[in-house]
1. Taking the range 175-193, which residues are over 10 Å from the mean Cα position of the chain (by Cα) and buried (at least 24 other Cβ atoms within 10 Å of the Cβ)?
2. Any idea which residue in the range 23-43 is farthest from residue 173 (Cα to Cα), counting only those that are modelled with pLDDT under 90, assigned to a helix (DSSP H, G or I) and touching a helix residue (DSSP H, G or I) at 6+ places or on another chain (Cβ under 7 Å)?
3. Looking at (1) surrounded by 13 or more Cβ atoms within 10 Å (Cβ to Cβ); (2) closer than 18 Å to residue 168 by Cα; (3) at pLDDT below 70, find the lone condition where residue 100 falls short.
4. With the checklist (1) out of contact with any helix residue (DSSP H, G or I) (no Cβ under 6 Å at 6 or more places or on another chain); (2) at pLDDT below 70; (3) farther than 24 Å from residue 169 by Cβ in hand, flag the one item residue 105 doesn't pass.
5. For the range 148-163, how many residues are over 20 Å from residue 249 (Cβ atoms) and in contact (Cβ under 8 Å) with a residue 40 or more places away in the chain?
6. Would you be able to tell me the number of residues in the range 180-205 that are part of a helix (DSSP H, G or I) and touching a residue at least 40 places away in the same chain (Cβ under 8 Å)?
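The values are calculated or read from the model by the stated rules, or taken from the named source; none is laboratory data. Not measured: the values here are computed from a predicted model. All Cβ positions, even for glycine, are placed from backbone atoms using ideal geometry, and neighbour counts span all protein chains on display.
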């Protein structure tokens, strides 16, 4: 039992570290819970529970260093939540596995686009980010990614960061920080649903939450200190993990 808890806490720390920088932490923590023998519905609830606390730590850290674009965050949250609701409804009509197969072919071009867009990735915070026309793009991005999150889910934070950089022209470090606000809102909504249905393993969730908070605080502190090039490397890592995860789940 001790080794199982140690394994899950280590997974929680690594997941929190990567998630705070580039998103995609759930691609590590959820498979770890399933590998530990936790039933899938309880694993989903426990993963969201521990992730909610870890994401809160990253949000506080980024907020202290003024990295979150709050106007964009507050505008995007309602659209992300509404999109999540739409996505959940779509699962009743369309097989989520179909989307997974499409994403496998979309991820490599997304990574290449990030690589060739260094002028966007490494740009400084620009007042033009807060223009009205950009708010419209941010709203559409949050609606799209929120729908994806409710419909399928894996790598939501990573997709959000990439789209905010490429379409909204938000500097990478600010995109990562602002994405955590959307992730937190999504986590709170999901955790509420899992709590009502009784699908949270609280004892394990609390233990993992402590390590996830530590990972989020460590990762966000390094991202703040080292800036855009550091975050960019971890975005590639997150895209790679998501790519392998999708292939494994769909074709294994």
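1. Within the range 175-193, 175, 177, 178 qualify.
2. Among them, the one singled out is 40.
3. (2)
4. Among (1) out of contact with any helix residue (DSSP H, G or I) (no Cβ under 6 Å at 6 or more places or on another chain); (2) at pLDDT below 70; (3) farther than 24 Å from residue 169 by Cβ, the lone unmet condition for residue 105 is (2).
5. Looking only at that region, the number is 3.
6. Residues flagged as part of a helix (DSSP H, G or I) and touching a residue at least 40 places away in the same chain (Cβ under 8 Å) within the range 180-205 amount to 17.
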